[in-house]
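Here the structure is laid out as structure tokens; the discussion comes afterwards.
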């Protein structure tokens, strides 16, 4: 899956490079879509490949053994698609809303068998019956479908023939449609739970390329969650899983192709 995605992204980059070269190699070229950016409102869609990872902050008692981290996160690749709505604010500023769906799967590994040493209980946690962790207990494969709604302020430079550079920044509302937040099971039954409603900020940069019939925008975006996504296990669940974590928050890097 990862190799296919990487090959697809490489192919897309080569296509963009070829198209951009065609835009600039003709000396007596004409400007395309000269009045396109003067519209008050415009629409489009986008496709993206993404790289997601968790930023983990471990509990110093249950998440670490001396100076060894007991919980690790494995990054993953995903893909997504969405719509674009743009409102022109001035010659150099646009307001954009780009709702889309992101599909991904991540992995968290809990090598927390050493927490058996706290089975007698602590001042803040009750005693528990130790459990021999199997490989299935240690690994949580977390499938996610995210409804991502970024609202961005775009700042772009002057147009140079059939291209225009830009940067953008803004905030995101992100709904995790597979959060399991209200599931009655927790990690003791193999269910990892996270928050449904999340907030993030994003930064993006790229170049807009103008063709005779459409505008193509390749860009790179970073998205960083602001809230703690962790939903704790029930108090009676042994401290092998969420009690070993203080906070988890997602971060993503995306290659985006926009069509307007």
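The values are calculated or read from the model by the stated rules, or taken from the named source; none is laboratory data. Bear in mind the structure is a predicted one, so any value in this text is a computation, not a measurement. Glycine also receives a Cβ, built like all others from the backbone with ideal geometry; neighbour counts cover every protein chain displayed.
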Can you work out which of the residues in segment 230-247 that are within 21 Å of the chain's Cα centre (by Cα) and without any contact (Cβ under 8 Å) to a residue 60 or more places away in the chain is nearest to residue 188 (Cα to Cα)?
231
Could you pull out the residue among 140, 106, 193 that is within 23 Å of the chain's Cα centre (by Cα), closer than 19 Å to residue 245 by Cα and modelled with pLDDT under 95?
106
Pick from 132, 117, 105, 113: which is in contact with a strand residue (DSSP E or B) (Cβ under 7 Å, 6 or more places away or on another chain) and more than 30 Å from residue 39 (Cα to Cα)?
105
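Select from segment 52-72 the residues that are farther than 27 Å from residue 127 by Cβ, surrounded by fewer than 19 Cβ atoms within 10 Å (Cβ to Cβ) and in contact (Cβ under 8 Å) with a residue 60 or more places away in the chain and list them in ascending order.
53, 55
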Hey, among 162, 187, 176, 172, which residue is crowded, with 16+ Cβ neighbours inside 10 Å, closer than 26 Å to residue 52 by Cβ and touching a helix residue (DSSP H, G or I) at 6+ places or on another chain (Cβ under 8 Å)?
187
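Quick check on my filter: what residues within segment 45-69 are over 18 Å from residue 142 (Cβ atoms), in a loop (DSSP other than H, G, I, E, B) and in contact with a strand residue (DSSP E or B) (Cβ under 7 Å, 6 or more places away or on another chain)?
59
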